[in-house]
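These notes are about the structure you will find just below.
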Amino acid sequence: MSAFVQTLEPLKPLQSHPVAAYWRKCQVEELFDLPFLDLVFQAAQVHRAHFNPQEIQLSTLMSIKTGGCPEDCEYCPQSAHYQTGVEKQQLLDIEEILAKAQIAKSRGASRFCMGAAWRGPKPKDVAQVSEIIAAVKGLGLETCGTFGMLQEGMAEDLKQAGLDYYNHNLDTDPERYNDIIHTRAHEDRMDTLAKVRHAGLKVCCGGIVGMNETRAERAGLIASLANLDPQPESVPINQLVKVEGTPLADAADLDWTEFVRTIAVARITMPKSYVRLSAGRSDMPEAMQALCFMAGANSIFYGDKLLTTENPDQDHDRELMTKLDLRPLGVAG
Ligand code: SF4
């Protein structure tokens, strides 16, 4: 053993983080303000206390109904309010969706997420997606849906069909919600999330950073997620993908350290949630992604396309996971 190794002492926690019953925005901001490496270290400790840090949950996302959405989310190329060149596509045939789900499963995904660009589904839409959900579930995959705002009884119908997770993001800091989206309110999101929980579905709920928000506003987003009771099982953290034609096409770049800080703060405040490195990963160098995994990210979207934007291809992701000695959740090490 070298002299250097002999002098090493075990790492001691810098500070323990009891999970607050309620996270005030200023408390979350204090986490953001920690020295960068202390923050990453603390988040890594929290991660290791609750998860095997070698395991990454893989979800594949497919747009099953694309474009023409009546909502005006300023980040979204699928909004009918903006000219982005996204081609409108009605609800796809069940066979096409099942074929994609089968491929996702064969490549190691454990969850298949289906997105439809609706303000909210109509009863006939719920009937159609229920059939799709049951068929995907029949392949042995976990199922997740993101279909917009739900009316009474719809969450129960989706659960009955075999849906495991419902994705409904809180998008941004509640205090600036209507700077980004003008066709609905933060309370509408909370209302659908309550219906989803009431039906016994698991919740996938995150947000987007890099939309010209301040650090305090990023803290506001994370606090709003961490204060959901119970906390979401999955927390996708997206970096804005700037799409020509959307109002946020020229948003200022977010420094990469700020994105890593956001992941770390999400991990500390939501210790038992899967924190997903989501949109924007194509633009993230491998070393940055590795640091995000160190800071507590333990889930990725896996597949070469998200709803309409690019994602790293699966071969590249497999190579990166091999380099980092990571393995898909559920695969023996
Ligand atoms: S984010 Fe969803 S709700 Fe908003 S415009 Fe896009 S598809 Fe519609």
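The values are calculated or read from the model by the stated rules, or taken from the named source; none is laboratory data. Note that the structure is a prediction, hence the values are computed from the model and not measured. Glycine also receives a Cβ, built like all others from the backbone with ideal geometry; neighbour counts cover every protein chain displayed. Note: accessible area is taken over every heavy atom of the protein model, side chains too, but ligands, DNA and RNA are not part of it. Shrake-Rupley method; radii C 1.70, N 1.55, O 1.52, S 1.80 Å.
Here are the numbers for this structure:
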read-out	value
Among (1) hydrophobic (A, V, I, L, M, F, W, C); (2) farther than 23 Å from S278 by Cα; (3) part of a helix (DSSP H, G or I) - the single one L150 does not satisfy	(3)
Cβ-Cβ under 8 Å pairs, at least 6 apart or on other chains, the range 75-99 side free of Cβ contacts under 8 Å to residues at least 60 places away in the same chain and within 15 Å of the ligand (Cβ to nearest atom), far side open to solvent by 50 Å² or more (accessible area, probe 1.4 Å) and not in a loop (DSSP other than H, G, I, E, B)	L91/Q128
A249 vs. criteria without any contact (Cβ under 8 Å) to a residue 12 or more places away in the chain, in contact with a helix residue (DSSP H, G or I) (Cβ under 7 Å, 6 or more places away or on another chain), open to solvent by 10 Å² or more (accessible area, probe 1.4 Å) and not aromatic (F, W, Y)	no
Failed item, numbered, when T143 is tested on (1) open to solvent by 10 Å² or more (accessible area, probe 1.4 Å); (2) of a type in the set (S, T, N, Q); (3) part of a strand (DSSP E or B)	(1)
Filter result for R197 (under 25 Å from Q231 (Cβ atoms), away from the ligand (no atom under 15 Å from the Cβ) and of a type outside the set (A, V, I, L, M))	yes
Residue in the range 174-189 that is more than 24 Å from S273 (Cβ to Cβ), away from the ligand (no atom under 16 Å from the Cβ), surrounded by fewer than 19 Cβ atoms within 10 Å (Cβ to Cβ) and not hydrophobic (A, V, I, L, M, F, W, C) present	no
Hits in the range 146-165 - residues which are surrounded by fewer than 19 Cβ atoms within 10 Å (Cβ to Cβ) and within 16 Å of the ligand (Cβ to nearest atom)	M149, Q151
Any hit, the range 193-201, residues being out of contact with any His (no Cβ under 9 Å at 6 or more places or on another chain) and under 29 Å from Q89 (Cα atoms)	yes
Subset tally (residues that are open to solvent by 20 Å² or more (accessible area, probe 1.4 Å), over 17 Å from Q54 (Cα atoms) and not in a loop (DSSP other than H, G, I, E, B)) for the range 259-306	4
Residue match in the range 165-173 (condition: touching a residue at least 40 places away in the same chain (Cβ under 8 Å) and assigned to a helix (DSSP H, G or I))	no
